[in-house]
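Comments concern the structure below.
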Amino acid sequence: MFGIKLENVTRRFDNVLALDRINLEVEAGEFFFLLGPSGCGKTTLLRILAGFDQPESGRVFFDERDVTAVPPHERNTGMVFQNYALWPHMTVWKNVEYGLTMRNMPQHERDQKVKRALEMVQMSGYAERSPNQLSGGQQQRVALARALVIEPGVVLLDEPLSNLDARLRLEMREQLQDLQRTLDVTMIYVTHDQKEALAMGARIAVMQMGKVAQIGTPREVYRQPLTRFVADFIGEINLISGEIKSVESDEVAATTDVGDIRGQAGHEGIQVGDRVLCAIRPEAMDFLSDEAGAADNVIFGRVRRAIYLGEVEQFFVELASGDQIKLIKYGAIPQHVQPGDEVRLGFSQVVMLRDEAEDRDEAV
Ligand code: ATP
């Protein structure tokens, strides 16, 4: 198992900058996620790690070893693809054994390793089947065994669960996590599914148009997004525009059309007068009782829509500014909250993000 370091990795396809000076460090044994929308460069980065593609500039290290120009078969990486990519004419056993055969490993060693790999993914009983006699989840487990059997230094997974149905996906998430912990192997997992990354990742790199927008633990990227893009991509977010009126060491305050809002600075160097977006998650908002008076982080609005979804209820509330915000409530809802009602909302956990629209205006 090894750690990975990328230094200024850049890859261009004609006029598309697929990766733009990526710097990244993944620790040995870490379960690391590359998360981002379609086309942000995730697969290109994974292919560069596997050696299937070369960066135009920049370097890739596995521990201290510079592998930028090392061919795939000399890198000791295991790869798992979205479409499983099993050989249809070979049995499950032969599929898993293939990488060992290519390495000219003696038969008895191969037998032991294949047996163990199939046990790890709970597929021992299926060794003689061909891939088309397996369900999607079973095929993906065989693909995983095939990647693990060579005892790779890092396992690279490209959207491995996206072809599975919702229930199986949840099951496989848990199994993969358990396996990663038991084997203590470095895993890099590409996905566009933020729930998958939040649920499984030790750390996540959120990618946007060939760049890393933020790296952090699931809690950090969810609770302290650095940009509007990250806040939006990683979950739902309410954004209220404002202007910074005071900056203290642990808190900043902004004036907005709907009252003063206090929160945390989302970036360094925030100053009085800066235009910001006050970012608040829908579940961080609450209905306040009628007695609550005007105060910071209290805003008024009218409920426009309520959607009952079983364990949660969603409310869309129109503010005096005309903006509509969303609340998510778990459990019992105060009786008085119905469409048409005037409500007071209170909230904590506000992050003040740079208003990128403002930056663009200034640049024009
Ligand atoms: P998805 O989630 O849809 O797989 P991705 O984040 O993995 O997307 P990449 O496949 O890495 O994105 O692609 C990044 C950008 O590079 C895209 O704009 C894509 O069109 C472009 N690209 C990738 N491979 C090639 C190629 N071989 N030739 C030309 N352009 C490419």
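The values are calculated or read from the model by the stated rules, or taken from the named source; none is laboratory data. For clarity, every value in this text was computed on a predicted model and none was experimentally measured. Heads up, the Cβs are rebuilt from the backbone with ideal geometry, glycines too, and the neighbour counts pull from every protein chain shown. Accessible surface areas use protein heavy atoms only, side chains included; no ligands, DNA or RNA. Shrake-Rupley method; radii C 1.70, N 1.55, O 1.52, S 1.80 Å.
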Study note, to complete from the structure: Ranking GLU119, GLU27 from most to least accessible area with a 1.4 Å probe gives GLU27, GLU119
Exercise for review: Could you tell me which of CYS40, MET172, PHE229 has its Cα farthest along the dipole of the chain towards the positive end, charges placed at Cβ (Lys, Arg +1; Asp, Glu -1), taken about the Cα centre?
Suggested key: MET172
Practice item. Report, in debye and to the nearest 20, how large the dipole of the chain comes out about its Cα centre when Lys and Arg carry +1 and Asp and Glu carry -1 on their Cβ. Key: 1600
Review point. Gap in Å between the Cα centre of segment 314-345 and the Cα centre of segment 135-203?
Key: 39
Practice item. Determine which lysines satisfy two conditions relative to LYS115: a Cα distance under 30 Å, and not lying fewer than 8 residues away in the same chain. Key: LYS94
Study note, to complete from the structure: Given the candidates VAL252, MET285, ASN297, the one whose Cα lies deepest towards the positive end of the charge dipole of segment 236-363, counting +1 at each Lys or Arg C-beta and -1 at each Asp or Glu C-beta, is MET285
Review point. If you build a Gaussian network model of the chain, linking Cα atoms that sit under 10 Å apart, which residue out of ILE333, ILE188, ILE48 swings the most?
Key: ILE333
Review point. Given springs between every Cα pair under 10 Å in a Gaussian network model of the chain, which of MET172, MET79, MET90 has the largest fluctuation?
Key: MET90
Point to revise | Translational diffusion coefficient (Stokes-Einstein; Kirkwood radius from C-alpha pairs) of segment 1-88 at 37 °C, 0.692 mPa s, in µm²/s | key: 239
Review point. Taking the C-alpha atoms of segment 236-363, how large are the radius of gyration and the largest Cα-Cα span, Dmax, in Å?
Key: 15.2, 49
Exercise for review: Any chance you could give the angle, 0 to 90 degrees and rounded to 10, that helix 107-120 forms with the longest Cα principal axis of the chain?
Suggested key: 20
Practice item. Rank VAL155, VAL317, VAL337 by mean-square fluctuation in a GNM of the chain with C-alpha springs under 10 angstrom and give only the top-ranked residue. Key: VAL337
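Pop out the carbon and sulfur fraction of the accessible area of segment 4-228 as a percent, whole number, probe 1.4 Å.
About 47 percent, which is the carbon plus sulfur part of the accessible surface.
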Review point. R0 = 25 Å: FRET efficiency of LYS211 with ASP66, Cβ-based, nearest 0.05?
Key: 0.65
Point to revise | For the chain, calculated [θ]222 nm from helices alone, where every DSSP H run of n ≥ 4 adds -39500 (n - 2.57) | key: -7500 deg cm²/dmol
Point to revise | segment 4-228 - Rg (one decimal) and Dmax (whole number), Cα, Å | key: 17.5, 56
Revision key, fill the gap. Rg (one decimal) and Dmax (whole number) from the Cα set of segment 131-284, in Å, equal 20.3, 65
Practice item. For HIS267 and ILE307, compute 0.36 nm times the residue count separating them, minus their Cα-Cα distance, and round to one decimal in nm. Key: 11.0 nm
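Run the numbers for GLU128 and ALA332: contour at 0.36 nm per residue of separation, minus the present Cα-Cα distance, in nm. Intermediate results must be reported in sequence, preceding the final value.
Values: separation 204, 0.36 × 204 = 73.44 nm, distance 5.34 nm.
Gain on extension, GLU128 to ALA332, equals 68.1 nm.
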**Study point:** In nm, spacing of pseudo-spin labels at ASP20 and MET90 (7 Å Cα→C-beta vector)
**Key:** 4.1
Exercise for review: Sort the following peptides by mean Cβ neighbour count (other Cβ atoms within 10 Å, averaged over residues), highest first: 71-78, 235-242.
Suggested key: 235-242, 71-78
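Could you tell me which of the pairs LYS195/LYS326; LYS113/LYS195; LYS5/LYS42; LYS211/LYS326 are separated by over 22 angstrom between their Cα atoms in the structure shown? Working shown, then result.
Working: LYS195/LYS326 19 Å; LYS113/LYS195 33 Å; LYS5/LYS42 16 Å; LYS211/LYS326 30 Å.
Violating the 22 Å limit, Cα to Cα: LYS113/LYS195; LYS211/LYS326.
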Study note, to complete from the structure: Sorting ASN132, ALA320, PRO72 by the position of each Cα along the dipole of the chain (Lys, Arg +1; Asp, Glu -1; all at Cβ), the one nearest the positive end of that ordering is ASN132
**Study point:** Extension gain (nm, one decimal) between ASP165 and ALA320, 0.36 nm per residue minus Cα-Cα
**Key:** 51.5 nm
Check your understanding: Hey, got the dipole for segment 167-264? About the Cα centre, +1 on K and R Cβ, -1 on D and E Cβ, debye to the nearest 20?
Key -> 320
**Study point:** Mean separation of Cα contacts under 8 Å, 6 or more apart, over the residue count of the chain: relative contact order %
**Key:** 15
Review point. If you take every DSSP beta bridge whose two residues both sit in the chain, what share of them, in percent to the nearest 5, is antiparallel?
Key: 75
